[in-house]
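Since every read-out is calculated from the coordinates, none of them should be taken as a lab result. Since this is a predicted model, take the numbers as computed values, not measurements. Here Cβ is always computed from backbone atoms with ideal geometry, including for glycine, and neighbour counts include all displayed protein chains.
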Amino acid sequence: MPKNTPNHIQSLKIPKIILQSSKFISFISPKLATLFAAKLFTSPIKHTIPKREIEMDGKSTQKLINIPAINKKVILYQYGESKKKILLVHGWSGRGTQLFKIADELIKVGYSTISFDAPAHGKSPGKTTIMSEFVESILEIERQFGPFEAAVGHSLGGMSLLNATKKGLNLNNLVIIGSGDIVQDILDTFVAKLELKPSISNQLRLHFEKKFGEEMDNYSAYKSAMKISIPVLIIHDKNDIEVPVGAAIHIHKHLKNGELYLTEGLGHQKILGNQDVIEKVVQFIQNHKSFQK
């Protein structure tokens with residue numbers, strides 16, 4: 001089976017100046033090249049909120065909350081009034097309002113949603129972050145605003161939710177959309193996109209492991225899937241060029257209680273607004289209301 005290559009910048013064209021800089025730095029020192037790649041890898045792009053998300057942004061109660069485990073703050077969005085709450089988690093360079101269409105449908109059937117701008121994303125302060133900080137944010141938000149009936153995550157948000165569930169996030173069910181599976185593959189693709197030597201990928205992994213004191217592979221989604229017993233719906237598009245569909249198949253293979261729903265022609269982003277996908281998400285959550293871990 002070919003390697004899956006999920007990567008949060010795979011579909012983006014790397015600016016020529018960055019490619020030239022990475023090659024020059026690599027020529028001078030592989031160590032400096034590793035640090036340069038690490039900086040780029042942990043720096044999300046903060047996009048202006050699009051018009052389609054303005055309604056959710058305006059109707060949400062927003063507050064800045066502290067995440068003690070990482071000593072960072074994030075903006076939280078409370079959308080709707082119901083006590084039955086669903087947690088929504090965006091992907092890399094996303095926002096807490098990005099899953100607005102799913103949020104709107106969940107509100108129509110009696111839920112409210114909690115979402116957030118991950119560290120260094122959207123309105124949250126900071127310039128750098130990494131998946132482990134997504135996970136810690138999720139766990140702290142559950143402590144302060146849970147419990148949650150279910151959670152829905154897109155891309156890196158789905159990977160983060162699988163990791164958080166493995167670490168104790170209490171849900172009846174979970175939905176992940178367009179999520180990657182193997183951390184090393186993400187690093188390999190990132191390094192290749194920067195046109196650096198493949199050896200830099202291992203150095204990048206070792207850099208993060210030394211910095212955060214944990215093996216990066218522990219955050220691979222398929223490993224978390226092995227530890228999860230709640231029902232998990234995996235949604236993925238066959239034509240997703242950012243995160244190949246093989247990632248979804250691989251995660252599904254390792255779940256005890258998983259369901260795989262594949263779409264075609266929606267890619268990595270349009271899938272979030274597709275009505276059939278949204279209906280599938282809502283039905284899955286409603287049909288698995290009372291699962292006990």
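Here are some notes:
- Cα→Cβ-extended label distance, 7 Å offset, between Glu105 and Asn287, nm: 1.3 nm
- Dimensions (Å) - region 121-249, Cα atoms, principal axes, largest first: 45, 34, 30
- Set Lys59/Lys84; Lys39/Lys85; Lys46/Lys270 screened for pairs whose C-alpha atoms are more than 24 Å apart: Lys39/Lys85
- Extension reserve of the Gln184-Ile241 stretch, reckoned as 0.36 nm per residue once the Cα distance is removed: 18.7 nm
- For region 129-178, convex hull volume per residue from C-alpha positions, Å³: 63 Å³
- Gap separating the Cα centres of region 42-74 and region 235-279, nearest whole Å: 25 Å
- Helix 275-287 vs. the chain, principal-axis angle (Cα, 0 to 90°, nearest 10): 60 degrees
- Shape descriptor for region 89-151: Rg over Rh equals 0.98 (Cα atoms; Rh from the Kirkwood inverse mean 1/r).
- Label separation (Ile28 vs Lys59): 5.2 nm, computed from points 7 Å beyond Cα along the C-beta direction.
- Interchain or long-range residues, amide H under 5 Å from Val89's placed H: Val152, Gly153, His154
- Using the Cβ-Cβ distance between Lys197 and Lys39 with R0 = 22 Å, the FRET efficiency computed as 1/(1 + (r/R0)^6) comes to roughly 0.80.
- Treating each Cα of region 47-110 as an identical point scatterer and summing with the Debye formula, the log10 of I(q)/I(0) at q = 0.22, 0.23 Å⁻¹ comes to -1.02, -1.09.
- Subtracting the Cα-Cα distance of Thr128 and Leu206 from 0.36 nm times their residue separation leaves 26.3 nm of extension gain.
- Linear extension gain, Ile49 paired with Glu214, 0.36 nm per residue minus alpha-carbon span: 56.0 nm
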